[in-house]
Structures are given as C-alpha cells and as structure tokens.
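Working notes for the structure below.
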Amino acid sequence: MYSSRMRPLTGSLRRPLDAVFAAPSHLALLRALFEAPQGASGRELARLAGLSHQAANTALARLEGLGLVRRAGRGRTFLYTLNLEHALLTRLLRPLLDGERAVFRAVLQTVEVAVAPHCLSATLFGSVARGIENPTSDLDLLVVLGQARERRQMARGLSDLASELSRTWGIRLNPITFTQAQVRRHLREKHPLFMAAIRDGIPLAGSPLKEVGRGA
C-alpha cells in the first residue's frame, strides 16, 4: 500500500492545484467557463473574465495543456469548453467555485437577519455594492432608524454583527445610521452619499432608501 508519510509534497500529481492557480487569469477564466457551460469564444471569455484578449489566449492555452479546457474549431474561430470529465474539475474546482458563489449571498443574509427587525431600511453601498471591492475594502452599510432613541439598541446589534462578520468572513463592517428625518433632509439636498446609495446600493432590509426618504 502506498504511503505518503514523510514524503515531500512536491510534484504535479501531488500538488495539481499549483498549476491551476499559477496565475490569477487561470481562475478568472475557469469562473467564466463555469458560467458558460455551452462554451464561448476566446474574446467572449476575455470579456467575462476581465482580461485582455492576449492574456486570455495565453491562459486558455495553459488550461488546455492541463487538460481542463477543450478547444474546437478552426482558423481564428475557436469555441472553448470545460473538460467535465477531468477529475480536478469535478472533485475540486466545481465544489470550490460553487461555494465561492454562495459567499456573497451568505454575507448579505447574515446582515439582513441581524438588522431587519430593528430598522426601517438597510442598504449596502460603496465599493462592495458596485462590485469593485478589494480584500481591504469595508462593507459599507447605511441603516435608517425611525427615531434617534433607537440608536443605542441598533449600535449593540451592529457591534455584534461586526464581530460576527470579522470572525466568520474576515470582513470589516462600516455601518452608518440615520433617522428617517435626516434621510429626508439629505435627499432633498441631494447629498452625494445618499444619491450614490440610491443609484448603486443593494437594499437588504425594510423599504428601499428612496421610499423611506419620501416617508413611505
């Protein structure tokens, strides 16, 4: 019986993910291909993955060399698909990427459950709402309360939520709270923060921010 005891974890069969994750472009294209099960052209995949055409072609060639991607066509027209018979895709990468897609939904649900019973409205705004966040970005949350006296209770809930998000996901929560009266005033004045939150924000709980500002 084969035993790996005391053997170094080297070699492409022992560490196949080294080649898969050798470049960020590999993962970006695998994500795009999982979203396009019928296949896509190199240009379309480059667009979906946010890569230049040249970078996408280079990465697709590497993934094809690893056996993870199949190419069909001739001349300059190729259709790329995942090789769903490859064990790395079925056993490791598909579960990993399926789990990754569930992360954002799980974070939003955690926030919604925590704040919904205590506010008139809660809106995710900022870089996360726009989909341009980076690993150091905060999770910006705009919470609207009915009365100023509710701030203390909401502050405790937000503190507990911040601790949970930090512990579970490594996310920093940046909550700001306003009363409904304050929101109405800021919307009348077309305050940039509120305009951006209405334009780009993701409603999480209660009424949409614009309706709260109207007194709905």
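The values are calculated or read from the model by the stated rules, or taken from the named source; none is laboratory data. What you see is a predicted model; the values in this text were computed from it and never measured. Cβ: placed from backbone, ideal geometry, glycine included. Neighbour counts: every protein chain shown. Heavy atoms of the whole protein, side chains included, go into the accessibility calculation; ligands, DNA and RNA do not. Shrake-Rupley method; radii C 1.70, N 1.55, O 1.52, S 1.80 Å.
In table form, for the structure just shown:
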quantity	calculated
Test for ARG156: is it within 18 Å of THR110 (Cα to Cα), loosely packed, with under 13 Cβ neighbours inside 10 Å and at pLDDT below 95	yes
Residue ID - modelled with the lowest pLDDT, chosen from residues in region 117-140 that are surrounded by 13 or more Cβ atoms within 10 Å (Cβ to Cβ) and assigned to a helix (DSSP H, G or I)	HIS118
Among (1) out of contact with any helix residue (DSSP H, G or I) (no Cβ under 8 Å at 6 or more places or on another chain); (2) open to solvent by 60 Å² or more (accessible area, probe 1.4 Å); (3) of a type in the set (S, T, N, Q), the one test that GLN182 misses	(2)
Out of ALA32, ALA55, sole residue that is free of Cβ contacts under 8 Å to residues at least 40 places away in the same chain, out of contact with any Ser or Thr (no Cβ under 6 Å at 6 or more places or on another chain) and not in a loop (DSSP other than H, G, I, E, B)	ALA32
Members of region 35-53 that are out of contact with any Leu (no Cβ under 9 Å at 6 or more places or on another chain) and either modelled with pLDDT of 95 or more or within 26 Å of GLY99 (Cα to Cα) (or both)	GLU44, ARG47, GLY50, SER52
Where a residue in region 129-153 is within 14 Å of LEU204 (Cα to Cα) and its partner, wherever it lies, is open to solvent by less than 60 Å² (accessible area, probe 1.4 Å) and charged (D, E, K, R), with Cβ under 7 Å and at least six apart	ALA129/ASP200
In region 194-216, the residues that are open to solvent by 50 Å² or more (accessible area, probe 1.4 Å), hydrophobic (A, V, I, L, M, F, W, C) and not in a loop (DSSP other than H, G, I, E, B)	MET195, ILE198
Scope region 70-92; condition in a helix (DSSP H, G or I) and open to solvent by 50 Å² or more (accessible area, probe 1.4 Å); matching residues	THR90, ARG91, LEU92
